[in-house]
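Below is one structure; the comments refer to it alone.
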Amino acid sequence: MKGKAGQGFGILVTFCAMLLFWLLLSGIFDALHVGAGIICSAIIALISHDLLVKGKGEKMLLKSFRFVIYLGWELWQIVLANFDVAYRVLHPKMPIDPLIIEFDTSLRSDFALVTLANSITLTPGTITIDIKDGKFLVHAIAKKPADALLVDKTMQNKVADVYMEW
Amino acid sequence: MVIIDVIVTLFLAAGIFFMFTGVVGLLRLPDFYTRLHATGKCDTLGEVLIIFGLLIYHLSHYPETPLVPVKLLFLIVFIFLANPTATHAIMKAAYNTGVKPWKLGEERK
Amino acid sequence: MIEEVFMREWVFLPIALLIALTILLSLYRATVGPGVFNRVAAINVIGTKIIVLLVIIGYIFERPFFFDISLLYAVLNFIGTLAFAKYLERGEVWS
């Protein structure tokens, strides 16, 4: 169990996030609805605050800022490489050659692993099958996207730059 | 304005093209793992493009309710997080249960 | 105005009909489809198409309540697919 200061920080962040969602989704700002929102957010923040905020974490603001920049690069990669999948599916000869590859990374925290797994699943050519303690098992649809993960390692380096876990 | 209507139509047309690619891939590809490739990626992008086009339409035609585009933005973020996770979960279940992948040169499954 | 009805009738309605056509096409994979995993993948695809269809119908009929329904259905579809995958892998959902 963490100390009292860590728990208070988690409860406060969860309460603010839930109240923000309530106000943005409802749109009515009179006393009854805002009061009900505060009561519901407080109950949920007290019950399940340790699902959202794990411990203190250092340099959260810097990591969030770099994460937004990484998101912009990744959206461009998604649009650019989805044309590749469309070409492979609609071609009359269907040039696919599936294989299963396995590689190792240096990321260890939860957020970094989830970000890399989602990025691998969203950029066409590869889907994550299993993660075991830093080792990724990936199913690739052809040789070219598999090489982009194994040999170039652009995506792993960018995610390691965001979360600072070389 | 006419120019915004043309942009919205372009976004919707691109979205529906990607959705058709996803469904054609679901019917045509020879194996379970490759079918998940087609649907898990093209479906997500097609949906995001269509909802983004509708968001632009709402901002130009109904400017007195600015909270509805925020709701549509939540929907876009949720689809970006949820669809790849569901694809990965079902692929992991299939791999651990023993479905064999397809190599080049075998017959359709 | 004239051009509002133009967008709603000549652009949104054909798009909604095309999405319904893709739902019909993916029902083929839900019936034929050797094994249970192909069928679960097809049902997941139908679920994500329904989300977009609900948003477009909300714009055709000019009722803003359909967006809340589609947000709820997105969450339900996600949880359903996860529960199904967990059951197929382990044999039980709650251990």
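Using the Cβ-Cβ distance between A:H33 and B:I56 with R0 set to 30 Å, the FRET efficiency from 1/(1 + (r/R0)^6) comes to roughly 0.55. Distance between the pseudo-spin-label points of A:C16 and A:R66 (7 Å out from Cα toward the beta carbon): 2.2 nm. From least to most packed, judged by other beta carbons within 10 angstrom and beginning with the fewest, C:M7, B:M19, A:M164 follow the order A:M164, C:M7, B:M19.
The count of lysine pairs in the range A:60-163 whose Cα atoms are under 18 Å apart, excluding pairs fewer than 8 places apart on the same chain, comes to 7. Shown here for the range C:2-95: chymotrypsin sites (Phe, Trp or Tyr not before Pro) in loop regions (DSSP other than H, G, I, E, B) with at most 16 other Cβ atoms within 10 Å, namely C:F61, C:F65, C:W94. With coordinates expressed along the principal axes, the C-alpha atoms belonging to chain A extend over 64, 37, 25 Å, beginning with the largest. Using +1 at the C-beta of Lys and Arg and -1 at the C-beta of Asp and Glu, which of B:H88, B:I4, B:V68 has the Cα lying farthest in the positive direction of the dipole of the range B:2-97? The residue sitting most towards the positive pole is B:H88. Shape class of chain C from the alpha-carbon gyration tensor: oblate, with a/c at 1.5 or above and b/c at least as large as a/b. Across the range B:90-102, computed HN-Hα scalar couplings (Karplus, 6.51 cos²θ - 1.76 cosθ + 1.60, θ = phi - 60°) run 6, 6, 5, 5, 5, 5, 6, 8, x, 6, 8, x, 9 Hz from first to last residue, x flagging Gly and Pro.
Ordered by the number of other Cβ atoms lying within 10 Å of each residue's own Cβ, fewest first, B:K92, A:K93 fall into the sequence A:K93, B:K92. Compute the helix-to-body angle for B:2-28: its Cα long axis versus the longest principal axis of chain B, expressed 0 to 90° and rounded to tens. Roughly 10 degrees, rounded to the nearest 10.
Two numbers describe the Cα atoms of the range B:2-97: Rg and Dmax, which are 16.3, 54 Å.
Contact order for chain A, expressed relative to its length and based on alpha carbon pairs under 8 Å spaced 6+ residues apart, stands at 20 percent.
In this structure, the amide hydrogen of A:I129, modeled 1.01 Å from its nitrogen in the peptide plane, lies closer than 5 angstrom to those of A:L137, A:V138, A:H139, counting only residues at least 5 positions away or on a different chain. Residue by residue, the range A:84-96 carries 3J(HN,Hα) couplings of 5, 5, 4, 5, 5, 7, 8, 5, x, 9, 6, x, 10 Hz when phi is fed to the Karplus relation 6.51 cos²θ - 1.76 cosθ + 1.60 (θ = phi - 60°); x denotes Gly or Pro.
Using r as the Cβ-Cβ distance of A:F111 and B:E106, and R0 as 35 Å, what FRET efficiency do you calculate, to the nearest 0.05? The value I calculate is 0.30.
Charged side chains reduced to their Cβ positions (Lys and Arg at +1, Asp and Glu at -1) give the range A:60-163 a dipole of some 140 debye around its Cα centre.
Taking a ≥ b ≥ c as the square roots of the Cα gyration tensor eigenvalues, the protein assembly as shown comes out oblate, since a/c reaches at least 1.5 and a/b does not exceed b/c.
Rule-based calculations on the coordinates, nothing more; no lab input. Since we're looking at a predicted model, the values are computed, not measured. Ideal geometry is used to build each Cβ from the backbone, glycine not excepted, and the neighbour counts take in all protein chains shown.
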